[in-house]
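Following: one structure in structure tokens, then a few remarks.
The values are calculated or read from the model by the stated rules, or taken from the named source; none is laboratory data. Because the structure is predicted, anything quoted here is derived from the model rather than measured. Please note: Cβ atoms are built from the backbone with ideal geometry, for glycine as well, and neighbour counts cover all protein chains shown.
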Amino acid sequence: MIVVEHLSGGYDGVPIVKDISFSVEKGKILGILGPNGSGKSTLLKVISGILPATAGTIKVDGKNISSYNARALAKKMAVLPQLHANAFSNSVREAVSLGRYPHQSGFFSSWSDFDEQAVQHAMAQTGVTRYEQAPMEFLSGGEQQRVFVAQALAQTAEILLLDEPTNHLDIAHQRQILDMVRKEAIECGLTVIMVLHDMNLASLYCDELLLMESGQMRAFGVPHEVLMASQIEEVYQARVATYAHPEIPKPQITMMPASGEHLQRAYINKDNFKVTEHFIQLQSEFPLKTVSSAVHNPGIGWYDCLLNRSVPGDYVINDVKREVAAFLQKESFSSTSTVVMLTAVPTRLVAINEYAASFGSLLVAVTAGVGNAVDVSRVHERQIEPYIGTINTWVIINGSLSEEAFFQAMMTANEAKTKALQSEDIRDELSGTIATGTATDSLLIAATQKGDEMLYGGPITEVGKIIGKGVFATTVQAIKNYKNG
């Protein structure tokens with residue numbers, strides 16, 4: 001464990017870092033963040049003793065580091081500095097072996113089996129074993145960086161100080177190094193303090209973060225407490241947005257341009273729709289921000305092509321995603337910029353309407369295959385798999401929605417669809433009750449993101465009111481089209 005209390009220090013007696021306090025438990029990783037010149041590397045140098053502290057204390061295992069001599073402290077604390085000076089040519093093995101120097105009674109005169117194991121383990125962990133006999137100057141910057149990480153790891157210290165350990169590394173080797181550091185922390189109780197520029201990597205791999213600003217500690221805590229958009233914007237003087245990582249409960253940061261007004265935006269009208277025998281297509285000149293439950297490219301994204309593809313009523317494919325991908329390739333659609341829904345309804349039965357609004361306009365397109373409609377509150381009573389029906393709903397907004405408004409718009413549209421089914425007395429054939437949809441309905445909300453942002457999309461808002469009106473009326477029309485065949 002390392003405890004830093006009211007630490008100040010810098011160059012020539014002038015404090016660069018001022019009054020820093022934190023602690024890092026055994027087996028934990030602390031990431032130090034901050035803009036250039038905020039004091040990150042200086043703080044690491046003061047902690048390691050490379051620069052003198054002008055005030056405050058640093059304790060390792062309850063003892064002030066001033067009570068350790070240089071060799072004893074090196075056994076406790078290994079340091080990977082930001083810059084490395086190669087005064088002479090070493091092989092990779094020789095460079096990594098230097099990490100064992102604090103454990104020698106003479107200059108490598110007492111090399112032991114444990115020393116050898118530590119060097120071999122460090123080279124294997126960092127993926128540099130194959131370069132073991134290669135001269136350091138023949139390695140790329142990224143390969144050299146991994147060797148220096150291995151050197152620090154070979155020291156087998158209890159505390160590891162790393163200054164930008166992923167510098168010069170591609171994303172595969174960034175992950176390899178940080179996975180290795182994380183594994184050592186968890187399995188071996190290694191305590192790690194590392195300076196990182198990449199806030200997303202820091203969030204993923206660190207237990208806690210310390211945010212520096214002008215030599216002082218701006219924030220300290222777990223990643224979601226430190227990586228708040230408003231705080232990052234103030235410290236870095238840059239617009240950012242935060243979002244959840246798709247697999248683990250950690251925040252991620254996206255840099256935003258100074259202004260989005262210079263970006264070209266689409267404007268959608270009925271002319272953007274094309275109806276063929278096999279699909280209904282909306283082609284936009286510029287990508288639309290889209291939230292959907294589609295079969296291809298579902299979720300949140302930016303897409304310039306929307307397809308509602310008509311398939312046979314007996315369409316049963318074991319791997320739908322693969323079949324749809326093959327369809328897109330055959331028809332020369334881009335798989336990365338196209339959203340695809342599937343419907344058993346003939347495309348000629350689609351209903352498309354446009355509605356004017358103060359923010360721009362709104363278009364609704366619906367195909368309503370209600371022959372196998374179900375009451376969602378009664379589907380648990382069914383002993384067989386429900387048949388495919390599919391009501392597919394598109395809501396296209398010539399306007400700008402917040403993240404919250406997108407999801408509220410989906411709720412509003414779904415409520416309007418359900419009301420349309422009630423109005424048309426569409427029933428679940430097994431229960432005899434009013435249907436709420438089909439077993440395979442799909443919904444899409446897309447927006448041009450042009451104009452003033454609308455924060456909410458519920459029924460009380462202007463956009464929500466038009467969504468409610470438009471989806472209800474268009475769904476009723478689509479149901480009538482379906483009934484009339």
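Things worth noting here:
- Considering each residue of segment 420-434 in turn, none proves to be under 36 Å from the mean Cα position of the chain (by Cα) and at negative phi.
- The selection criterion, being surrounded by fewer than 20 Cβ atoms within 10 Å (Cβ to Cβ) and in contact with a helix residue (DSSP H, G or I) (Cβ under 6 Å, 6 or more places away or on another chain), holds for Ile317.
- Verdict on Thr338 being touching a residue at least 60 places away in the same chain (Cβ under 8 Å), over 24 Å from Gln422 (Cα atoms) and buried (at least 18 other Cβ atoms within 10 Å of the Cβ): no
- Qualifying residue in segment 408-425 (condition: crowded, with 21+ Cβ neighbours inside 10 Å, at pLDDT 95 or above and farther than 28 Å from His380 by Cβ): yes
- Selection status of Glu323, touching a residue at least 60 places away in the same chain (Cβ under 8 Å) and over 25 Å from Tyr355 (Cα atoms): no
- Only listed residue being within 28 Å of Thr156 (Cβ to Cβ), of a type in the set (D, E, K, R), outside the structural domain of Pro346 (by TED's automatic domain parsing) and modelled with pLDDT under 95, chosen from Glu184, Glu261: Glu184
- Residue count, segment 199-224 (criterion: in contact with a Ser or Thr (Cβ under 7 Å, 6 or more places away or on another chain) and more than 24 Å from Val60 (Cα to Cα)): 4
- Checked across segment 76-83, the condition of being within 30 Å of Ala238 (Cβ to Cβ), at pLDDT 95 or above and among the aliphatic types (A, V, I, L, M) holds for no residue.
Here is a yes/no grid of residues against (1) of a type outside the set (S, T, N, Q); (2) part of a strand (DSSP E or B); (3) assigned by TED's automatic domain parsing to the domain that holds Ala219; (4) within 28 Å of Lys250 (Cβ to Cβ):
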position	(1), (2), (3), (4)
Leu7	yes, yes, yes, yes
Pro15	yes, yes, yes, no
Asp19	yes, yes, yes, no
Lys26	yes, no, yes, yes
Gly31	yes, yes, yes, yes
Asn36	no, no, yes, yes
Thr42	no, no, yes, yes
Ile47	yes, no, yes, yes
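- Among residues of segment 397-409 that are closer than 17 Å to Trp302 by Cβ, those with a Cβ under 7 angstrom from a residue that is surrounded by fewer than 19 Cβ atoms within 10 Å (Cβ to Cβ) and hydroxyl-bearing (Ser, Thr, Tyr), sequence gap 6+ or separate chain, pair up as Asn398/Tyr267; Asn398/Ser361; Ala405/Tyr456.
- Comparison of Leu153, Leu160 shows that the only residue that is among the aliphatic types (A, V, I, L, M), closer than 17 Å to Glu184 by Cα and outside any helix (DSSP H, G or I) is Leu160.
- Residue, farthest from Ala356 (Cα to Cα), within segment 394-422, restricted to residues that are among the aliphatic types (A, V, I, L, M) and part of a strand (DSSP E or B): Leu401
- Within segment 433-455, the set of residues being part of a loop (DSSP other than H, G, I, E, B) and closer than 25 Å to Ile479 by Cα comprises Thr433, Ala435, Thr436, Thr438, Ala439, Thr440, Asp441.
- Residue pairs meeting the criteria (Cβ under 8 Å; at least 6 apart or on separate chains; first assigned to a strand (DSSP E or B), in segment 52-73; second of a type in the set (Ser, Thr, Tyr) and modelled with pLDDT under 90): Val60/Tyr68
- Test: residue in segment 382-393 that is at pLDDT below 95 and assigned to a helix (DSSP H, G or I): no
- From the options Pro287, Pro312, residue that is assigned by TED's automatic domain parsing to the domain that holds Thr347 and in contact with a strand residue (DSSP E or B) (Cβ under 9 Å, 6 or more places away or on another chain): Pro287
- Residue that is farthest from the chain's Cα centre (by Cα), among those in segment 265-284 that are assigned to a strand (DSSP E or B) and either at pLDDT below 95 or surrounded by 13 or more Cβ atoms within 10 Å (Cβ to Cβ) (or both): Val275
- Strands (runs of 3 or more DSSP E) wholly inside segment 206-246 that include at least 3 residues being closer than 19 Å to Glu403 by Cα: 240-244
- Conditions (1) in a loop (DSSP other than H, G, I, E, B); (2) of a type outside the set (S, T, N, Q); (3) touching a strand residue (DSSP E or B) at 6+ places or on another chain (Cβ under 7 Å); (4) under 26 Å from Leu307 (Cα atoms); number of the one not met by Ile352: (1)
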